[in-house]
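Comments concern the structure below.
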Amino acid sequence: MINTNAIRQGDRLALSRALTAVENDEPAGQKIQTDLFPHTGNAHLVGVTGAPGTGKSTLVNQLAKTFRQSQEGLEPPKIAIIAVDPTSPFTGGALLGDRIRMQDLAGDKGIFIRSMASRGALGGLAHKTAAFTTILDGAGFDLILIETVGAGQAEVDIARLAHTVIVVEAPGLGDDIQAIKAGILEIADILAVNKADQPGAENTALALKAMLAMAHGDELPTAGKHMRRESSHKTPATHQKEDKAWRPPVQLITATEGKGITELIENIQKHKAYLQETGLWQAKEAHRLRRDLEALIRESLVRQWEGNIDQARFDEVLEQVIHRKLPPIEAVKLLL
Amino acid sequence: MTDRKIRVLIAKPGLDGHDRGAKVIARALRDAGMEVIYTGLRQTPQMIAEAALQEDVDIVGLSILSGAHNALVPTVLNHLRENGLDDVKVFVGGIVPEDDIPELLEKGVHAVYGPGTDTQKVVEDIQKAIQGQNE
């Protein structure tokens, strides 16, 4: 049995075993989530996403290392890292290689790294990644860095989970049309152009900045067009509020050499402060918890239905559907 | 419903500088449906034991080509025990002289594989070891 107190007191083996129980959906895992839930809500969840090979793991390594050194006189934050890599759709196996780039962090007891296979989830995270953050948050980690599967254009689950999303780009991955497509760029709170020592990095940064300017115009991300036209009539107070809207910074970094990391951390802190000052922190949490709750209800309803359904009746209805005597939509009405 | 995947840590302790064998075996285990955590070259025994703890693996596979197995393997085993990972099974692959194998097995290594071992055999041995544990 896994001991919640041990986890709260920093027992790393208990924590690790709890994560396994959660990942495998064992009853012990559900109990531990329930027990730790009252202790959650304190950690800053920072997502790191981007295409394969842009340097996400290297960046996470540098971020964790620098965060641990930062802030003189203050206790450095306890950091947990969740690194998600894809599960093979053919064999169900996975090669989890993100630790290779995180060797600098070995030996630091203030850092806990867990690799996670996506296990069939398609949004860039695993189904249980959110549950992992509950455990790690409850265990007392101040900062949780979540590295997604190498993501392209549609893997945007991280935006719903993390408070702050860093999208990592690298030079040479596509023209400026890529930058105005929907998807991953839209979820960025901070855009990091990695490999700034390579040719084309400045151009990539410029293209991203142009994209952002186009998206926001002279206006701010939350304001609709009609509001902009009317903005001259607004009261000063409203003006001030609008001026505070977050505009994602575009930042050149060279993760392998640690260049630009301190500035990136400043932006992460700024974004956190922004969320807290504007009340968006609470709003995001509320939104996420609502979604989690809805998902759990859905799951549990399905399980309930599966437990109650008369298999013979189901087969009988299915047979009618297979023989095109009954449309599936009507069949659902018979079976629910 | 539980869906317990076999989790394996493949690690290279010590200073030997190539990891072809480790990558081949990592790939084979992946293809057998396991979740393989690969940590890269030049790991200390402490780093390996810590990674095994954080990743909660069932199996640790050590690849050693340098000849330092008699020193490195027992140290890894000790650190694993210190971390409370007594139930983790340790497999060793690489270049280990026949004469050294009995001592490694006696110290708690589950199996030792030399060059040219069929990866399928390693897969089956791991599956057997885990089944034995669960029964």
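The values are calculated or read from the model by the stated rules, or taken from the named source; none is laboratory data. Quantities reported herein were computed from a predicted structural model and do not represent experimental measurements. As a convention, Cβ positions derive from the backbone with ideal geometry for all residues, glycine included, and neighbour counts pool all protein chains shown.
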For segment A:93-104, indicate whether the set of residues that are buried (at least 17 other Cβ atoms within 10 Å of the Cβ), closer than 18 Å to A:Lys56 by Cβ, in contact with a Pro (Cβ under 6 Å, 6 or more places away or on another chain) and of a type outside the set (A, V, I, L, M) is non-empty. no
Filter segment A:2-23 for residues that are over 18 Å from B:Leu85 (Cβ atoms) and either surrounded by fewer than 17 Cβ atoms within 10 Å (Cβ to Cβ) or assigned by TED's automatic domain parsing to the domain that holds A:Lys109 (or both) and give the result. A:Asn5, A:Arg8, A:Gln9
Could you tell me which residue of segment B:7-22 is farthest from the other protein chains (Cβ to nearest Cβ), considering only residues that are surrounded by 17 or more Cβ atoms within 10 Å (Cβ to Cβ) and part of a helix (DSSP H, G or I)? B:Gly21
Counting only helices (runs of 4 or more DSSP H) entirely within segment A:1-48, those with at least 3 residues that are away from chain B (no Cβ under 12 Å) are A:4-8, A:27-36
Take the residues in segment B:56-71 that are among the aliphatic types (A, V, I, L, M) and within 14 Å of another protein chain (Cβ to nearest Cβ), then tell me which one is farthest from B:Tyr113 (Cα to Cα). B:Val57
Subset of segment A:132-158 [at pLDDT 90 or above, outside any loop (DSSP other than H, G, I, E, B), of a type outside the set (Ser, Thr, Tyr) and under 12 Å from the mean Cα position of the chain (by Cα)]: A:Phe132, A:Ile144, A:Leu145, A:Ile146, A:Glu147, A:Ile158
List pairs: first in segment A:297-325 and at pLDDT below 90, second in a helix (DSSP H, G or I), Cβ under 8 Å, 6+ apart or cross-chain? A:Ile309/A:Leu335
Listed by range, helices (runs of 4 or more DSSP H) wholly within segment A:239-336 having at least 1 residues that are in the same structural domain as A:Asp142 (by TED's automatic domain parsing) and β-branched (Val, Ile, Thr) are A:261-278
What number of residues within segment B:23-40 satisfy the criterion of being among the charged types (D, E, K, R) and surrounded by 24 or more Cβ atoms within 10 Å (Cβ to Cβ)? 1
